[in-house]
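Student: Got a structure for you, questions after.
Laboratory data are not the source of any read-out in this text; all were calculated from the coordinates shown. It should be emphasised that the depicted structure is a prediction, and the values quoted were computed from it without experimental measurement. Glycine gets a Cβ as well: all are built from the backbone with ideal geometry, and neighbour counts include every protein chain shown.
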Amino acid sequence: MAPSALICETQPWKDLKAHVDDIKKTHLRELMSDTERCQSMMIEFDGMLLDYSRQRATSDTLNKLKNLAEAAHLKEKINKMFNGERINSTEDRSVLHVALRAPRDSVINSDGKNVVPDVWQVLDKIKDFSERIRSGAWIGATGKALTNVIAVGIGGSFLGPLFVHTALQTDSEASEFAKGRQLRFLANVDPVDVARNITGLDPETTLVVVVSKTFTTAETMLNARTIREWISAALGPEAVAKHMVAVSTNLTLVEKFGIDPNNAFAFWDWVGGRYSVCSAVGVLPLSLQYGFAVVEKFLKGASSIDQHFHSAPIEKNLPVLLGLLSVWNVSFLGYPARAILPYTQALEKFAPHIQQVSMESNGKGVSIDGVPLPFEAGEIDFGEPGTNGQHSFYQLIHQGRVIPCDFIGVVKSQQPVYLKGEVVSNHDELMSNFFAQPDALAYGKTPEQLLKENVPHHLVTHKTFSGDRPSVSLLLPSLNAYNIGQLLAIYEHRVAVEGFVWGINSFDQWGVELGKSLATQVRKQLNASRKKAEPVEGFNFSTTALLTRYLEASTDISKEDCTVLPKM
Ligand SMILES: O=P(O)(O)OC[C@H]1O[C@](O)(CO)[C@@H](O)[C@@H]1O
């Protein structure tokens, strides 16, 4: 089949390119003075308010972006995703993470089979298992209840669950259910991460969940073997059956590893790793920590956005609007990065998760048909909670590079505090910054204003803020399991919208392979040099020198000197 035309060859793309000069003529300061425009750029859904009036865009831009969406067949692509078509063509897979949170009675087909009953079968199994662990009906090898969980996994098998766990930890309702329990995540193959995870934990009261879609990921498998050793060294090898369970699509390898397949929780190849938080990958560890009922609310939140994304018209569709505006910023205004700035510490792991969702999905150089792109797709995502970020990298955002920002605020704090004698509550103080920063970026400060304030001449340029820096503000009513699910789904779908418009495959990740295979070559070399004193061979000058230095400098670390496991 002939490759379809690249999106940049279409008329709507060219119209948007031509439109850039018009937009650049008007400062955001002026755009913001048009109340009607601002009003039209605020949309509400289910208690959330999205304000995108601080985008360098007008109704004309929005119309042009709609035309672009049409040219990209966005609606059809979204439908294909929900219909279970194999839109991940390079891996010949459907993309159905929406099925993971679909209500029990819905019908979502993959290859002519409704997958929702399978999803609920696993959810029911998780509910039952987590209740048995939490109630103490399932006990460890020495008869003690398992109150601690280490989830071993990396990438998509780690970042999403970590984000949700961190967000729930301070939610008053969820945290009630987590009393006396601990959930930790072991991701990095670095022994330091192993030490951090097991320090202070007792194998007798610890359940280990090995989370890996493929069950072949080098880091996860080594960490899983290390923790298995930690358990068997303390409790005997037969304890592994009671203390280790798994989440995977590869149940054969789970069994080979020594985990009873009855204690394995399945998911399916139509769930991408970075889109797997709502599968057993996230649902199992989170249910163990907070109970299934809390996690079910999270799934419901995500599902509410799925339905909205699937059915709302473009002008009212949160993920679609956000996705189109991202394309506008990246591909037309030339801003390749985006800062994710939640004004709540509970979302401190949100940006790291979205980094994977966005950058592993859309960091591509060819179209879905394999044609090299003459434009750059993908965006650079990073972020920190406000106000911490303000005292770190905001300087660059205000006076250096233009980086479109996502400000995420919460009306009702998870932890309301009012310090006696203060003018405003602690949360109001935080939110004062949430409201101020977008305007500082949009309006800036002119030399004229500074001179009026009697700023010395030699400081005027230093103190000038050019403004005209775009952002969106998303105000959530609160931060509980339900709207954490909503937030996740908004960002997942936003990324998909961007990829659909750019005409790339957002659901494969070939770019992670090369580094993995080169690491295998290095691993073999380290093994040969250590065991048989073989010289370093087959690498370039630089890598040879580095490897040689590493081997020479670490010869004095014999196996006997290594603690097999870090001391507790
Ligand atoms: O769940 P697995 O198979 O261990 O993979 C972990 C992660 O590794 C990746 O393949 C990238 O290296 C991710 O896409 C995935 O989320």
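Student: Could you compute the net charge surrounding Gly301? Neighbours are other residues with a C-beta less than 14 Å from the C-beta of Gly301; K and R count +1, D and E count -1. Walk me through the intermediate numbers first.
Tutor: Details: positive: Arg101, Lys297, Lys300; negative: Asp46, Asp171, Glu173, Glu296, Asp306, Glu492.
In short, -3.
Student: Moving to a separate point now. Would you mind ranking Lys516, Lys125, Lys463 so that the residue whose beta carbon has the fewest other beta carbons within 10 Å leads the list?
Tutor: Details: Lys516 11, Lys125 17, Lys463 14.
Lowest to highest Cβ neighbour count: Lys516, Lys463, Lys125.
Student: On alpha carbon coordinates alone, what is the Rg over Rh value for the range 307-373, Rh being the Kirkwood radius? Don't skip to the end; give the middle numbers.
Tutor: Values: Rg = 14.4 Å, Rh = 14.2 Å.
Result: Rg/Rh = 1.02.
Student: Note down the Stokes-Einstein diffusion coefficient of the range 26-150 in µm²/s, whole number, using a Kirkwood radius over alpha carbon pairs, 37 °C, and 0.692 mPa s. Before the final figure, lay out the partial values.
Tutor: Numbers: Rh = 19.6 Å.
Translational D for this selection: 168 µm²/s.
Student: Can you tell me which lysines have their Cα less than 19 Å from the Cα of Lys532? Leave out same-chain residues fewer than eight positions away.
Tutor: Answer for Lys532, where 19 Å is the Cα cut-off: Lys524, Lys559, listed by chain and number.
Student: Just add up the charged neighbours of Tyr418: K/R +1, D/E -1, any other residue whose Cβ is under 13 Å from the Cβ of Tyr418.
Tutor: Values: positive: Lys420; negative: Glu422, Asp428, Glu429.
Computed value for this residue: -2.
Student: So, one more: Quick one: net charge of Gly378's neighbours, Cβ under 10 Å, K/R +1, D/E -1? Please list the in-between numbers first.
Tutor: Working: positive: Lys364; negative: Glu360, Glu376, Glu379, Asp381, Glu498.
Computed value for this residue: -4.
Student: Quick one: dipole size for the chain, taken about the Cα centre, charges +1 on Lys/Arg Cβ and -1 on Asp/Glu Cβ, in debye to the nearest 20.
Tutor: Numbers: 56 positive and 63 negative charges, 125 e Å.
Using only the charged Cβ atoms, the result is roughly 600 debye.
Student: Right, something else. Taking only Cα atoms of the range 461-526, what ratio of Rg to Rh do you get with Rh as the Kirkwood inverse-distance radius? Could the numbers behind the result be given before it?
Tutor: On the way: Rg = 20.8 Å, Rh = 16.9 Å.
Rounded to two decimals, Rg/Rh equals 1.23.
Student: Ratio to report: Rg/Rh of the chain, with Cα atoms as the point set and Rh obtained by the Kirkwood method; give two decimals. Don't skip to the end; give the middle numbers.
Tutor: Details: Rg = 25.6 Å, Rh = 25.7 Å.
My calculation puts Rg/Rh at 0.99.
Student: Return the inverse of the average 1/r over all pairs of distinct C-alpha atoms in the range 295-448, which is the Kirkwood hydrodynamic radius, in Å to one decimal.
Tutor: Working: mean 1/r = 0.0558 Å⁻¹.
For the range 295-448, the Kirkwood estimate is 17.9 Å.
Student: So what's the Cα pair-distance distribution over the range 99-297, bin width 10 Å, in %?
Tutor: Bins of 10 Å from zero give 9, 38, 39, 12, 2 percent of pairs.
Student: While we're on this one: Do the alpha carbons of any pairs in Lys25/Lys316; Lys256/Lys531; Lys66/Lys364; Lys75/Lys412 sit beyond 32 Å of each other, and which pairs? Don't skip to the answer; put the middle values down first.
Tutor: On the way: Lys25/Lys316 27 Å; Lys256/Lys531 27 Å; Lys66/Lys364 23 Å; Lys75/Lys412 35 Å.
Pairs exceeding 32 Å: Lys75/Lys412.
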